[in-house]
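> Before I ask anything, here is the structure I am working with.
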Amino acid sequence: MTTIQRVLVYAGAAVVTAYFLYPLYVLLLVGFAPVQYTLDKIYPAQFTMHYTLANLVTALTSYGFIDPLVKSLKTAFLVGGLSVALGFPAGYGLSRVSKKVSSAASTTLFVVNMMPAIVIAIPISTQFVRLGLYGSFVGVGLAQELVALPLATFIIYGTFQAIPRELEYQARIDGAGVGRTMLGVLAPLAKPGIAAAFLLSWMLSWDEFTFAILLSPVHPTIPILIYHNIQRGNLLASTAFALFLTLPVVAITIMLQKYLKGEYLSGGVKG
């Protein structure tokens, strides 16, 4: 690669990075800068030396933030936990059948994701009313699991595909049963893929909107709380809530980035 080509690549990477980081920067600016420097101006400053925590304190204490936060956390961890608990045996099973069968099964898993969420949420909501799950974090989590589980299964399936089968055969020869082999031998080797599946499922639930607003409109999650405040014109509160919606995802992604590798996200696509 020539010097000019290298400069163009770096310049392009810098532009793309700035494009994706700018919205986060605006959130931080509006959240921590006094309102007279941001929302009260027709042309807000792009940089200021004046910062305050008053915006966040007011938003968090005056707009009922705690209950939606707790509900979002419980829902996200429920979705992530179920995705791993169900995706682990499903991914293992798909990795041990023929390629033709596993490909057909993987395609079938994503049929739900091909449909608009609202088409699925409306009939689900009527059944959840009868079951007493409407408005609960369990009901929202189970609905979101329809989208998260195929993704988690696909990731864990790819992880098992990358593990040599000889290790499993050796464990069986040494007397280990199926359960012990899966939990004692395969699970430790599959930790990166399991972590990636949990992380992506957690993030999918954390900012999911359609199922949450249709299945729990009265007791909202954080994305619904942001939506309601934007409708009411509470832009400062919405910005504060958006910060709390975004920063956990950034922090978790940074902590677990070593697990987000192509080999674990490929779903066994590589031959």
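Read-outs throughout are calculated quantities, based only on the coordinates presented, and are distinct from any laboratory measurement. Predicted, not measured: the structure shown is a model, and the values here were computed from it. Reconstructed Cβ throughout: ideal geometry from the backbone, glycine too, with neighbour counts over all protein chains shown.
> Spelling out what I want: for every residue of the stretch 49-64, take phi, set θ = phi - 60°, compute 6.51 cos²θ - 1.76 cosθ + 1.60 (Karplus), and round to whole Hz; glycine and proline get x.
After applying 6.51 cos²θ - 1.76 cosθ + 1.60, I find 9, 9, 9, 8, 9, 4, 4, 5, 4, 4, 5, 6, 9, 10, 10, x Hz.
> Step through the residues of the stretch 133-143 one at a time and calculate ³J(HN,Hα) from phi using the Karplus curve (6.51 cos²θ - 1.76 cosθ + 1.60, θ = phi - 60°), rounding each to whole Hz and writing x for Gly and Pro.
9, 5, x, 9, 5, 5, x, 5, x, 5, 5
> Now for a separate question. Using alpha carbon centroids, what distance separates the stretch 79-117 and the stretch 42-67, in Å?
Distance between centres, Cα-based: 42 Å.
> Also, quick follow-up: Quick one: grab the alpha carbon gyration tensor of the stretch 1-52, order the square roots of its eigenvalues as a ≥ b ≥ c, and give me rounded if a/c is under 1.5, else prolate or oblate depending on whether a/b is larger than b/c. All intermediate terms of the calculation are to be shown ahead of the outcome.
Working: a/c = 3.86, a/b = 3.61, b/c = 1.07.
It is prolate, given that a/c is not under 1.5 and a/b is the larger ratio.
> Tell me the label only: which of (i) 13.2; (ii) 20.1; (iii) 15.6 is mean projected area of the Cα convex hull in nm² as calculated from this structure?
So the structure-derived entry is (ii).
> While we're looking at this one, here's another question. So how do 15-28, 81-94, 63-76 stack up, highest first, on mean other-Cβ count within 10 Å? Please report the intermediate quantities before stating the final value.
Numbers: 15-28: 11.6, 81-94: 20.3, 63-76: 18.6.
My ranking of the peptides, most packed first, is 81-94, 63-76, 15-28.
> Go ahead and estimate [θ] at 222 nm for the chain from helices alone: -39,500 (n - 2.57) per DSSP H run with n ≥ 4, summed, over the residue count, rounded to 500.
Details: 13 runs with 190 residues, N = 271.
Helices in the chain give a 222 nm mean residue ellipticity of -23000 deg cm²/dmol.
> How large is the dipole of the chain about the Cα centre if only Lys and Arg carry +1 and Asp and Glu carry -1, each at its Cβ, rounded to the nearest 20 debye? Could you put the intermediate results ahead of the total?
Values: 16 positive and 9 negative charges, 103 e Å.
The dipole magnitude comes to about 500 debye.
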